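J.: The structure that follows is given in the form of structure tokens.
The values are calculated or read from the model by the stated rules, or taken from the named source; none is laboratory data. All values derive from a computational prediction rather than experimental measurement. Note: ideal-geometry Cβ built from the backbone for every residue, glycine included; neighbour counts use all protein chains shown.
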Amino acid sequence: MRKVFDFHGGIHPTENKHQSVRTPIANAGIPPELIIPLSQHIGAPARPVVSIGEHVLKGQMIAEAIGFVSVPVHAPTSGTIHAIEDRLIAHPSGHLAPCIVITTDGQDEWEKHGGVSDYQTLKTADLIRIIRNAGIAGMGGAGFPSAVKLSVKADTQIHTLIINGTECEPYITADDILMREQASAIIEGTKILQQMIAPKNTLIGVEDNKPEGIAALRAAAQGTGIEIVTFPTKYPSGGEKQLIEILTGQQVPSGGLPSEVGVVCQNIGSTVAIFNAVVHGQPLISRITTVTGESIREPQNFEVLIGTPVQYLIEKAGYQYEKNNRLIMGGPMMGFTIPDTGVPIVKTTNCVLAPTEKELSTPPPAQACIRCGMCAEVCPASLLPQQMFWFAQGKEFEKLEEHNLFDCIECGACSFACPSNIPLVQYYRASKSEILQLRHDHEIAEQSRIRFESRQQRLEQAEQDKEAKRAARKIAAQQRAEAAQESGAEDPIQAAIDRAKTKKAAQQQTSMGEESEREKREKAVVSIAKRLATATSKLEQAEAENSDLVDALQTGVDKTREKLAAAEQALKDCEQCLDTDSAEQHPSDAAQVAIERAMEARTIEASLSPQEKARVDLEKLQKRLEKSQAVLIQSQENAAEEKVIEALESTVARLTAKINALQQQLSAAEEA
Ligand code: SF4
Ligand code: SF4
């Protein structure tokens, strides 16, 4: 008889297990729709490998594992992929998660598959691959991928393999019924695990409240060397660390893994799944789930397809919704209330509990802590729940971690024992989530910081390299110059650089400075010369016709001529314009013609004597005066604008003054 040990704390809640083991495991059947979450395990969610509208067969992989800590997902029956979308899943926070939705066809048609009955011929690596490909994750707890758990490092000595048949939560009998009905599959699965791990001891630990299961296991295990170890019922003996302590007397260190004390643990359900995967080639597509509580007419255990909606399952068991106060996924100690009956059964769903209010009453409001210490007394992890409660309230996360918050297995024993009805475990769950989120945020920030710093380093290094090259070039140039000086020869590189610099400076000056100014002035000359040519031509024509416009045109020609003279002077003033070669090249031919014509007109005028020119000018001025006076009189009669009349009056006065001056000048000349 193997000696068993006890762990610290623990409680004895009412078991309520008998209701659901009165009948054998029933097949829940095929619901019209299966909702299969891509993440039913710890680790990376699986990635879909099917598309909407595709027909799939039972057992066909519909989502593949990505990464080492991940498992694939398979179609639990044949049907058509209806959707790949976010659906409400069973989670304490009631959140949506990516799911593959299958519309079942009722045919339940298997994909071709086959197992290895003589698994003894397989190597450990092959067995691990089979277990991984079958999508097996721990079915009694958080869903840790079994293949990862069984991938023990070569230098790790495992002396004990423990199969966990404890099932200590009240109400739940899924493992108990498996032991009763499928004991030989459990033993065969255990033998496969033995082959993989080669432990000295193989123990199946079962609480003494399951006599039928224990008897069945003992019968199946005869002659195998597998020990069925029983021990007194106490909650939470099923906790992995607690069970290891019960069976071996060893304590897994805080934050450590069972392998650190030479132990590997597997759940009863996972062991059967491993047997089915290896021997029958079947992936994990269904599980045993207890449906119980006083709101269920026929509490029992079902073999349920993964993805079956809770509503479908509880109706199979005679759900009386009018009696039910809440639906719990899991047991009353560690389970959580589900927000909607449409959520699916997943690989870790061991129980759906539908209690009445009388059976599991809503907890009364929490009172102040009376420091009774009951919570610490019952804590199986030897924690200080009261202190952790204070720290959780104050969000003192560092202190919570110092008090080993992450050793808390969320068993709820402290909440159960608390006379002040403080929902202690809920505080710990919330704090864990917040800490994990903070760690995640910190990791992201740390990665960003590292990326930023490496970039800065790269930039600084590049700058240093550039500086080093600059310095090397400078030294080389100096050395060349010195060498050239010594030899009396010109440094060819420096000379080339100097020439390039001079050329560049000249180009810049030409394009940005005087060149543009000169062009501007040349353009002005050309433009005015054109205008002068046009005006002169018109004037000649008017004079030939003895037109009234001669005077006005003459004024225009005079002004334009003045402007041309000014522009020419400005062009000359421009230093660059002194470069006559350049200046002659720029004006266009038309402009040159215009300038020449204007010059010609000036030459003709210049050939007149001053008196002749004065007479011509006097005549022109008198004509202009007459014309201006006529326009003024007409404007006054037409009541033109004041400023127009003023301008015309000014013109008349100016012309009159000019005529008088010219007449005086002519008279004086004639008298002389
Ligand atoms: S059991 Fe409740 S009341 Fe007692 S010390 Fe713990 S938290 Fe306080
Ligand atoms: S929930 Fe955590 S703190 Fe409370 S008794 Fe269980 S292990 Fe201890």
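J.: Could you please find all residues in the stretch 298-353 being surrounded by fewer than 21 Cβ atoms within 10 Å (Cβ to Cβ) and either aromatic (Phe, Trp, Tyr) or not assigned by TED's automatic domain parsing to the domain that holds SER270 (or both)?
T.: Hits for the stretch 298-353 are TYR321, PHE336.
J.: Let me ask something else about it. If we keep just the residues of the stretch 403-418 that are more than 8 Å from ligand 1 (Cβ to nearest atom) and not in a helix (DSSP H, G or I), which is surrounded by the fewest Cβ atoms within 10 Å (Cβ to Cβ)? Don't jump to the end; show me each part of the working.
T.: At the first step, the residues of the stretch 403-418 found to be more than 8 Å from ligand 1 (Cβ to nearest atom) are 403-413, 415-416.
Next cut, not in a helix (DSSP H, G or I) only: 403-404, 408-412.
Values: HIS403: 19, ASN404: 15, CYS408: 22, ILE409: 21, GLU410: 18, CYS411: 25, GLY412: 25.
Per the criteria, the residue is ASN404.
J.: Tell me the residue from THR362, THR341, THR356 that is touching a Pro at 6+ places or on another chain (Cβ under 9 Å) and not aliphatic (A, V, I, L, M), please.
T.: Values: THR362 fails: touching a Pro at 6+ places or on another chain (Cβ under 9 Å); THR356 fails: touching a Pro at 6+ places or on another chain (Cβ under 9 Å).
Only one candidate passes the filter, namely THR341.
J.: Out of the stretch 198-217, which residues are surrounded by fewer than 18 Cβ atoms within 10 Å (Cβ to Cβ) and assigned to a helix (DSSP H, G or I)?
T.: PRO211, GLU212, ALA215
J.: Would you mind stating whether ILE328 is β-branched (Val, Ile, Thr) and either closer than 20 Å to TYR235 by Cβ or more than 16 Å from ligand 1 (Cβ to nearest atom) (or both)? Steps first, please.
T.: Details: β-branched (Val, Ile, Thr): yes; either closer than 20 Å to TYR235 by Cβ or more than 16 Å from ligand 1 (Cβ to nearest atom) (or both): yes.
Judged against the criteria, ILE328 is a match.
J.: Can you pull out every residue in the stretch 292-301 that is assigned to a strand (DSSP E or B) and in contact with a Gly (Cβ under 9 Å, 6 or more places away or on another chain)?
T.: Hit for the stretch 292-301 is ILE296, nothing else.
J.: Looking at GLY238, GLY225, GLY249, GLY269, which is the one that is under 21 Å from VAL21 (Cα atoms) and away from ligand 2 (no atom under 16 Å from the Cβ)? So that I can check it myself, show each step before the final result.
T.: Values: GLY238 fails: away from ligand 2 (no atom under 16 Å from the Cβ); GLY225 fails: under 21 Å from VAL21 (Cα atoms); GLY249 fails: under 21 Å from VAL21 (Cα atoms).
Testing whether each residue is under 21 Å from VAL21 (Cα atoms) and away from ligand 2 (no atom under 16 Å from the Cβ) leaves just GLY269.
J.: Output the residue which, of all residues in the stretch 337-378 that are within 42 Å of the chain's Cα centre (by Cα) and within 16 Å of ligand 2 (Cβ to nearest atom), is nearest to ILE314 (Cα to Cα).
T.: Going residue by residue through the stretch 337-378, those that are within 42 Å of the chain's Cα centre (by Cα) are 337-354, 362-363, 365-366.
Filter again for within 16 Å of ligand 2 (Cβ to nearest atom), leaving 363, 366.
Values: PRO363: 24, ALA366: 32 Å.
Per the criteria, the residue is PRO363.
J.: A follow-up question, please. Specify which of the listed residues (GLY331, GLY255) is assigned to a loop (DSSP other than H, G, I, E, B) and on the phi > 0 side of the Ramachandran plot. So that I can check it myself, show each step before the final result.
T.: Values: GLY331 fails: on the phi > 0 side of the Ramachandran plot.
Among GLY331, GLY255, only GLY255 is assigned to a loop (DSSP other than H, G, I, E, B) and on the phi > 0 side of the Ramachandran plot.
J.: Separate question: I'd like the full set of residues that are surrounded by 18 or more Cβ atoms within 10 Å (Cβ to Cβ) and either assigned to a loop (DSSP other than H, G, I, E, B) or not basic (Lys, Arg) (or both), limited to the stretch 129-143. Step through it out loud before you land on a result.
T.: Taking the stretch 129-143 as the starting set, the residues that turn out to be surrounded by 18 or more Cβ atoms within 10 Å (Cβ to Cβ) are 130-141, 143.
Once the filter is applied, which keeps residues that are surrounded by 18 or more Cβ atoms within 10 Å (Cβ to Cβ) and either assigned to a loop (DSSP other than H, G, I, E, B) or not basic (Lys, Arg) (or both), the stretch 129-143 yields ILE130, ILE131, ASN133, ALA134, GLY135, ILE136, ALA137, GLY138, MET139, GLY140, GLY141, GLY143.
J.: Please find, among THR290, THR337, the residue that is closer than 29 Å to ASN164 by Cα and either within 16 Å of ligand 1 (Cβ to nearest atom) or touching a helix residue (DSSP H, G or I) at 6+ places or on another chain (Cβ under 9 Å) (or both).
T.: Numbers: THR337 fails: either within 16 Å of ligand 1 (Cβ to nearest atom) or touching a helix residue (DSSP H, G or I) at 6+ places or on another chain (Cβ under 9 Å) (or both).
Exactly one of THR290, THR337 is closer than 29 Å to ASN164 by Cα and either within 16 Å of ligand 1 (Cβ to nearest atom) or touching a helix residue (DSSP H, G or I) at 6+ places or on another chain (Cβ under 9 Å) (or both), namely THR290.
Each row is one residue, and each column tells you yes or no for (1) among the small types (Gly, Ala, Ser); (2) modelled with pLDDT of 70 or more; (3) under 28 Å from LEU655 (Cβ atoms).
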residue: VAL525; (1), (2), (3): no, yes, no
residue: ASP558; (1), (2), (3): no, yes, yes
residue: GLU562; (1), (2), (3): no, yes, yes
residue: LYS572; (1), (2), (3): no, yes, no
residue: GLU605; (1), (2), (3): no, no, yes
residue: SER609; (1), (2), (3): yes, yes, yes
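J.: Also: Report those helices (runs of 4 or more DSSP H) wholly inside the stretch 351-402 carrying at least 2 residues which are within 16 Å of ligand 1 (Cβ to nearest atom) and among the aromatic types (Phe, Trp, Tyr).
T.: On the way: elements: 374-378, 385-393, 397-402.
By residue number, 385-393.
J.: When the stretch 429-445 is examined, which residues are found to be out of contact with any helix residue (DSSP H, G or I) (no Cβ under 6 Å at 6 or more places or on another chain) and either within 14 Å of ligand 2 (Cβ to nearest atom) or closer than 17 Å to GLN387 by Cβ (or both)?
T.: First pass over the stretch 429-445, keeping only residues out of contact with any helix residue (DSSP H, G or I) (no Cβ under 6 Å at 6 or more places or on another chain): 429-430, 432-434, 436-445.
The answer is ARG429, ALA430, LYS432.
J.: Which one is farthest from TRP110 (Cα to Cα) among residues in the stretch 59-80 that are surrounded by 18 or more Cβ atoms within 10 Å (Cβ to Cβ) and out of contact with any His (no Cβ under 8 Å at 6 or more places or on another chain)?
T.: Of the stretch 59-80, the ones surrounded by 18 or more Cβ atoms within 10 Å (Cβ to Cβ) are 59-63, 65, 70-79.
After this cut, where a residue has to be out of contact with any His (no Cβ under 8 Å at 6 or more places or on another chain) as well, the list is 63, 65, 72-77.
Details: ALA63: 17, ALA65: 21, PRO72: 17, VAL73: 15, HIS74: 11, ALA75: 10, PRO76: 9, THR77: 7 Å.
The residue in question is ALA65.
J.: If I go through the stretch 626-644 residue by residue, how many of them are in a helix (DSSP H, G or I) and exposed (fewer than 15 other Cβ atoms within 10 Å of the Cβ)? So that I can check it myself, show each step before the final result.
T.: The initial filter retains those residues of the stretch 626-644 that are in a helix (DSSP H, G or I), namely 626-637, 642-644.
Then drop every residue that is not exposed (fewer than 15 other Cβ atoms within 10 Å of the Cβ), which leaves 626, 630, 633-634, 636-637, 642-644.
Of the residues in the stretch 626-644, 9 are in a helix (DSSP H, G or I) and exposed (fewer than 15 other Cβ atoms within 10 Å of the Cβ).
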